[in-house]
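Engineer: Before anything else, here's the structure in question.
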Amino acid sequence: MAKIELEFSKNGPILVKRDGKVEMALCRCGHSTKKPMCSGAHATSGFIAELTKMELK
């Protein structure tokens, strides 16, 4: 079974990882032009958030 992990990156998107490989990056700043995917808008929007990780079981 694949290991699925969500990594809420510091000042950035939610990285969805499968077996350690990034499968997609989801917006969490609310400014993406490609919602629900990350467009990199967090870099200029002033978005601030801490790093957090979560493993899905």
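Values in this text are rule-based calculations from the coordinates and carry no lab data. Everything numeric in this text was worked out from a predicted model, so none of it was measured. All Cβ positions, glycine included, derive from the backbone under ideal geometry; neighbour counts span all protein chains shown.
Engineer: Got a sec to turn the phi values of the range 3-19 into Karplus ³J(HN,Hα) couplings, 6.51 cos²θ - 1.76 cosθ + 1.60 with θ = phi - 60°, whole Hz, x for Gly and Pro?
Structural biologist: 8, 10, 9, 9, 10, 8, 5, 5, 6, x, x, 8, 8, 9, 10, 10, 6
Engineer: Any idea how many Lys pairs in the chain come in under 22 angstrom at the alpha carbon, given 8 or more places apart or on separate chains?
Structural biologist: Value for the chain: 17.
Engineer: In addition: Show the residues, 5+ positions off or on another chain, whose built amide H is closer than 5 Å to the amide H of N11.
Structural biologist: HN-HN under 5 Å from N11: A49, E50.
Engineer: What is the diffusion coefficient of the chain in µm²/s, taking the Kirkwood radius over Cα pairs and the Stokes-Einstein relation at 37 °C with a viscosity of 0.692 mPa s? Kindly include the intermediate steps, with their values, before the conclusion.
Structural biologist: On the way: Rh = 11.5 Å.
D = 286 µm²/s.
Engineer: Taking the Cα centre of the chain as origin, work out the dipole magnitude from +1 charges on Lys and Arg Cβ and -1 charges on Asp and Glu Cβ, in debye rounded to 20. Don't skip to the end; give the middle numbers.
Structural biologist: Numbers: 10 positive and 6 negative charges, 22 e Å.
Using only the charged Cβ atoms, the result is roughly 100 debye.
Engineer: Lys/Arg Cβ at +1, Asp/Glu Cβ at -1, dipole of the range 4-48 taken about the Cα centre: which of S9, H31, I48 is farthest positive-ward?
Structural biologist: H31
Engineer: Moving on. Would you mind computing, in nm to one decimal, how far apart the modelled labels at K57 and R18 are, each placed 7 Å from Cα along Cα→Cβ?
Structural biologist: Taking the two extended label points, one gets 2.2 nm.
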